[in-house]
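The values are calculated or read from the model by the stated rules, or taken from the named source; none is laboratory data. Just so it is clear, the structure is predicted and the values come from calculations on it, not from any experiment. No Cβ is skipped: glycine too gets one built from the backbone with ideal geometry, and neighbour counts run over all protein chains shown. Areas reflect the complete protein model, heavy atoms only, side chains present, ligands, DNA and RNA absent. Shrake-Rupley method; radii C 1.70, N 1.55, O 1.52, S 1.80 Å.
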Amino acid sequence: MTTTTTHPAPPRLSARRRWTVLAVCCLSMFLVGLDTTIVNVGLPAIGRGLDVGTRGLEWIVDAYTVVLAALLISSGALADRFGRRRVFQCGLVLFGAASLLCALAPSAGVLVTARALQGVGASMLSPVALAIVVNAMPDPKERAQAIGIWASVFGLSMAAGPVTGGALLAGLDWRALFWINAPVVAAALLLSAVFVPESRAQRARRLDLPGQALLTLALAAVVGVLIEGPRIGWTSPAALVGYACAAAATAAFVRVESRRAEPLMDLRLFGRPVFGGAVVGAVAVFVALNMTLLLNTLYLQHTRAWTPLAAGVATLPLAVGATVCAPWSGRMVGRTGPRPPLLLAGAFVTAGGLCLVRLTPDTSVLLLLAAYALIGIGFGFANAPITNTAVNGLPPARAGVAGAITSTARQLGAALGIALAGGLVTGVAPAGLAHASRPGWILVTACGVLLFLVAHVSRPKVTTG
């Protein structure tokens, strides 16, 4: 029987060391976020290079996000037990090796497998990086500022992915989308060895292997049905089996978790409106972002025949909005709590989605850019209050788990956004993409409205504990 282990609290770091640790963690988070979206703009090129259709391209994106979402909580618990820096560095090595396999993939099947391995490595980076930052910043106000910066970098990386991918594809082929990870991984490994101190939770948690298996099965079943539904038919026997698997795995997960002393996911936390609202908000924000990025890529490159670089540059307003507003949002959270920035996030995402609910093949480029800017601003305002609320919903010693639950919600939203967007346009001719994508923009708008409800249940002040 596995027993819990108690570790002494780490010593307080100097101000310079704390902010250096933040910078190193931000570098790794930039890598994780970049790889979530950089592939989007290259999907048409990958499809041509590996002879794969829209459905296969969805799996290339979601193999990464589903595995990442499924393993984040266990990776956070592993880091709390065995050492955050150690797990962080293992994640970097695995992520880098998987990136090289992606770059060398001879077929779509190999690429999907390599992307799943990337997701395993990335799962050791996202919650662990946030836990390192939270434990390095004991002061609540300083922690809120740090989380704002962290969210800004993460938002920038996801929003900048299409621009970076388009620039690489302008002079190279799609494999460059994965080669670019090598120097970033090498730099992060070196800097983490020099500057990041080892830390553990004072009381390490047991691993929950049954819960982990059931969570993975539930996520894979849900996303799999959404991706394959247009091909197999939503009422076909195969789809019905998928629905049954998803429902059974979810029910079993709830039953198992409610009976364990130290569950993978403490379901009682979702009974707290603040924490539950933060998780729902994270899903909504990333559904909206990833639907926007995928629909943008397919619409601009297929319907309007733009180059990958032009399609990537079109998302610059989104990237700028996210980058500028995320640190501003972090400062607002530190001063006034999460509610004001969440209200702003809801307003901007809603407005951006409404701009495109009547999308046509000839929609004004200015309207497109304005919509992307509004969604980017909303994304920037949303991340810091959602992250801060979730982290403060658990004791600091469980920061790895808190960060993992929030990151799981984000990646679940990303996977759902890709699957839903792909389902809308699979098999649709280029001329019909604009009309087929309209329900997607209605869903983006609905995600913005949902953020108003999340703001309603948020605390007016930042808590310390």
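For this structure, a couple of remarks:
Residues checked against (1) closer than 30 Å to Arg18 by Cβ; (2) modelled with pLDDT under 85:
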| position | (1), (2) |
| --- | --- |
| Met124 | yes, no |
| Val134 | yes, yes |
| Pro138 | yes, yes |
| Val153 | yes, yes |
| Leu156 | yes, yes |
| Thr164 | yes, no |
| Leu168 | no, no |
| Arg203 | yes, yes |
| Leu214 | no, no |
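- Contacts under 6 angstrom Cβ, first residue in region 430-441 being open to solvent by less than 30 Å² (accessible area, probe 1.4 Å), partner modelled with pLDDT of 95 or more and part of a helix (DSSP H, G or I), 6 or more apart: Trp441/Gly353
- Residue satisfying condition, being within 22 Å of the chain's Cα centre (by Cα), open to solvent by less than 40 Å² (accessible area, probe 1.4 Å), charged (D, E, K, R) and modelled with pLDDT under 85, within set Arg115, Arg143: Arg143
- Checking the stated criteria, Arg335 turns out not to satisfy the condition of being surrounded by fewer than 24 Cβ atoms within 10 Å (Cβ to Cβ), charged (D, E, K, R), over 22 Å from Ile418 (Cβ atoms) and in contact (Cβ under 8 Å) with a residue 24 or more places away in the chain.
- Checking Phe381 against (1) open to solvent by 10 Å² or more (accessible area, probe 1.4 Å); (2) assigned to a helix (DSSP H, G or I); (3) modelled with pLDDT under 95, the condition it does not meet: (1)
- When Thr292 is tested against (1) without any contact (Cβ under 8 Å) to a residue 24 or more places away in the chain; (2) crowded, with 20+ Cβ neighbours inside 10 Å; (3) among the polar types (S, T, N, Q), exactly one condition is not met: (1).
- Residues of region 443-464 classified as of a type outside the set (Val, Ile, Thr), modelled with pLDDT under 90 and in contact with a helix residue (DSSP H, G or I) (Cβ under 7 Å, 6 or more places away or on another chain), total: 4
- Tyr299 satisfies every condition listed in (1) open to solvent by 60 Å² or more (accessible area, probe 1.4 Å); (2) out of contact with any Pro (no Cβ under 6 Å at 6 or more places or on another chain); (3) part of a helix (DSSP H, G or I) except (1).
- Members of region 43-77 that are more than 20 Å from the chain's Cα centre (by Cα), closer than 28 Å to Ala213 by Cβ and modelled with pLDDT under 85: Arg55
- Residues of region 310-360 that turn out to be assigned to a loop (DSSP other than H, G, I, E, B), farther than 23 Å from Ala390 by Cα and of a type outside the set (Ser, Thr, Tyr), as a count: 5
- Whichever residue in region 225-242 is open to solvent by 90 Å² or more (accessible area, probe 1.4 Å) and in a helix (DSSP H, G or I) and, among such residues, is modelled with the lowest pLDDT: Arg231
- With respect to the conditions (1) under 30 Å from Ala167 (Cα atoms); (2) open to solvent by 30 Å² or more (accessible area, probe 1.4 Å); (3) aromatic (Phe, Trp, Tyr), Phe286 falls short on a single one, namely (2).
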